[in-house]
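The values are calculated or read from the model by the stated rules, or taken from the named source; none is laboratory data. Since the model is a prediction, treat every value here as computed from it, not as a measurement. Note that we place each Cβ from the backbone using ideal geometry, even for glycine, and neighbour counts take in every protein chain shown. Heavy atoms of the whole protein, side chains included, go into the accessibility calculation; ligands, DNA and RNA do not. Shrake-Rupley method; radii C 1.70, N 1.55, O 1.52, S 1.80 Å.
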Amino acid sequence: MTACTVTAPAKINLTLDILGTRPDGYHEMKMVMQSVSLADQVTLELDVPVGVRAESGLGYLPRDGKNLAVSAALAFFQAVGREPRDLRIVLEKNIPVCAGTAGGSSDAAAVLRGLNTLTGAGLSPEALAEIGAKVGSDVPYCVLGGTQLAEGRGEVLTAMPPLPHCFIVLCKPGFNISTPVLFKAWDQQRKRLRPDTGGLIAALEAENLTEVARRVYNVFEAVLPPNQRREIDRIKNGLIQMGALGAAMTGSGPTVFGLFDRKELADEAVRALREQYSEVFLTHPV
Ligand code: C5P
């Protein structure tokens with residue numbers, strides 16, 4: 001086999017907490033992550049003589065090592081001690097870009113999984129996650145997926161009980177947020193609200209969606225510039241008014257998600273949000 005297609009799901013942060021700064025310049029995280037059904041499709045074609053290159057329908061995405069998918073392929077070949085083979089990576093992008101939903105990291109994780117199969121390397125998911133940590137902090141989570149507690153830089157993963165079945169509405173507002181800038185803003189801010197991560201994990205263990213949804217929270221929301229924070233709050237409040245059991249921003253934003261137990265309410269929220277926003281999706285946990 002010289003080609004395969006791998007599904008690369010988006011993720012949301014049920015919680016995002018920052019415990020402090022680290023000597024390596026990164027931050028110590030505590031996050032409960034959940035993968036969702038919205039996904040890219042990543043096709044790998046080995047030995048197509050293009051070097052290691054990524055293609056997508058989006059002209060502004062890099063095609064070289066600046067693309068996490070290419071970076072993952074190079075890290076994979078290095079980890080297995082082989083010269084990079086020619087590899088054409090075709091990214092069918094459905095996950096919004098720069099959205100806090102780990103689209104680039106998930107594509108990178110899909111490349112690691114796909115190359116593991118295509119080359120017959122037979123590495124364990126944990127070994128692939130370790131390679132992923134060299135590519136980006138969210139890549140190890142994306143290799144494993146599902147419901148996970150992510151600590152350290154994001155690469156220390158503990159499997160959690162799955163999020164009970166629900167409908168997850170995603171809405172990406174039109175502005176972009178720089179992750180390093182947001183971390184800097186957090187460094188400079190007096191710390192206030194923190195998520196109840198332990199309570200959320202207990203609610204997962206009890207399979208209680210309502211109690212999970214009450215506890216979704218992201219500390220980055222509190223350090224957004226005021227105009228962006230107002231827009232995030234407006235979307236969150238709208239989702240709650242339309243019947244969401246809880247709502248929060250995911251990752252370093254700007255995508256907001258709402259958790260619903262009733263499909264008809266989630267459908268109606270999608271319809272209403274689409275009147276104002278172009279990137280609105282109905283998803284479910286995977
Ligand atoms: O690891 P990754 O390349 O995804 O991180 C992007 C940026 O986010 C880093 O350069 C760093 O500024 C910040 N970051 C951090 N602490 C983390 C993860 C990311 O400060 N745990």
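Can you confirm whether the stretch 260-281 contains a residue that is outside any loop (DSSP other than H, G, I, E, B) and within 15 Å of the chain's Cα centre (by Cα)?
yes
Could you look through the stretch 83-95, keep only residues that are touching a helix residue (DSSP H, G or I) at 6+ places or on another chain (Cβ under 8 Å) and under 16 Å from Glu45 (Cβ atoms), and pick out the one that is most open to solvent (accessible area, probe 1.4 Å)?
If we take residues in the stretch 83-95 being touching a helix residue (DSSP H, G or I) at 6+ places or on another chain (Cβ under 8 Å) and under 16 Å from Glu45 (Cβ atoms), then Arg85 is most open to solvent (accessible area, probe 1.4 Å).
What number goes with the only condition from (1) over 20 Å from the mean Cα position of the chain (by Cα); (2) in a strand (DSSP E or B) that Ile12 does not pass?
Unmet condition: (1).
I need the full set of residues from the stretch 197-234 which are surrounded by fewer than 16 Cβ atoms within 10 Å (Cβ to Cβ) and farther than 13 Å from Val256 by Cα, in order please.
Within the stretch 197-234, Gly198, Gly199, Ala202, Glu205, Ala206, Glu207, Asn208, Thr210, Pro225, Pro226, Asn227 qualify.
It is to be established whether one or more residues within the stretch 125-138 are away from the ligand (no atom under 14 Å from the Cβ) and within 30 Å of Ala272 (Cα to Cα).
Scanning the stretch 125-138 turns up no residue that is away from the ligand (no atom under 14 Å from the Cβ) and within 30 Å of Ala272 (Cα to Cα).
For Gly57, state whether it is away from the ligand (no atom under 13 Å from the Cβ), at negative phi and either among the β-branched types (Val, Ile, Thr) or open to solvent by 10 Å² or more (accessible area, probe 1.4 Å) (or both).
So Gly57 fits the description; yes.
Determine if the stretch 31-41 includes at least one residue that is assigned to a strand (DSSP E or B), within 14 Å of the ligand (Cβ to nearest atom), at positive phi and not basic (Lys, Arg).
Checked against the condition, which is being assigned to a strand (DSSP E or B), within 14 Å of the ligand (Cβ to nearest atom), at positive phi and not basic (Lys, Arg), the stretch 31-41 yields no hits at all.
Only one of Leu44, Leu58, Leu19 is in a strand (DSSP E or B), touching a Lys or Arg at 6+ places or on another chain (Cβ under 8 Å) and free of Cβ contacts under 8 Å to residues at least 40 places away in the same chain. Can you tell me which?
Leu19 is the lone residue from the list that is in a strand (DSSP E or B), touching a Lys or Arg at 6+ places or on another chain (Cβ under 8 Å) and free of Cβ contacts under 8 Å to residues at least 40 places away in the same chain.
Does the stretch 73-83 include one or more residues that are within 15 Å of the ligand (Cβ to nearest atom), without any contact (Cβ under 8 Å) to a residue 12 or more places away in the chain and over 29 Å from Ile168 (Cα atoms)?
No, the stretch 73-83 has no match at all.
Which condition breaks for Cys98 when tested against (1) over 21 Å from Ser35 (Cβ atoms); (2) surrounded by fewer than 23 Cβ atoms within 10 Å (Cβ to Cβ)?
Failing condition for Cys98: (1).
Conditions tested, residue by residue: (1) among the hydroxyl-bearing types (Ser, Thr, Tyr); (2) surrounded by 22 or more Cβ atoms within 10 Å (Cβ to Cβ).
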{"site": "Thr2", "(1), (2)": "yes, no"}
{"site": "Pro9", "(1), (2)": "no, yes"}
{"site": "Asn13", "(1), (2)": "no, yes"}
{"site": "Leu19", "(1), (2)": "no, no"}
{"site": "Ala39", "(1), (2)": "no, no"}
{"site": "Ala69", "(1), (2)": "no, yes"}
{"site": "Ala73", "(1), (2)": "no, yes"}
{"site": "Gly81", "(1), (2)": "no, no"}
{"site": "Ser106", "(1), (2)": "yes, yes"}
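So which of Val135, Val80 is closer than 26 Å to Asp17 by Cβ, in contact with a Ser or Thr (Cβ under 8 Å, 6 or more places away or on another chain) and among the β-branched types (Val, Ile, Thr)?
Only one candidate passes the filter, namely Val135.
Give all pairs with beta carbons closer than 6 Å in which a residue from the stretch 257-271 that is farther than 16 Å from Asn237 by Cα meets a residue that is in a strand (DSSP E or B); count only pairs at least 6 apart in sequence or on separate chains.
Lys263/Phe167
Can you tell me which residue in the stretch 142-191 is nearest to the ligand (Cβ to nearest atom), limited to those that are β-branched (Val, Ile, Thr) and open to solvent by 40 Å² or more (accessible area, probe 1.4 Å)?
My answer is Thr179.
Applying the selection to the stretch 87-117, what residues are part of a loop (DSSP other than H, G, I, E, B) and among the aliphatic types (A, V, I, L, M)?
Passing the criteria: Ile95, Val97, Ala99, Ala102.
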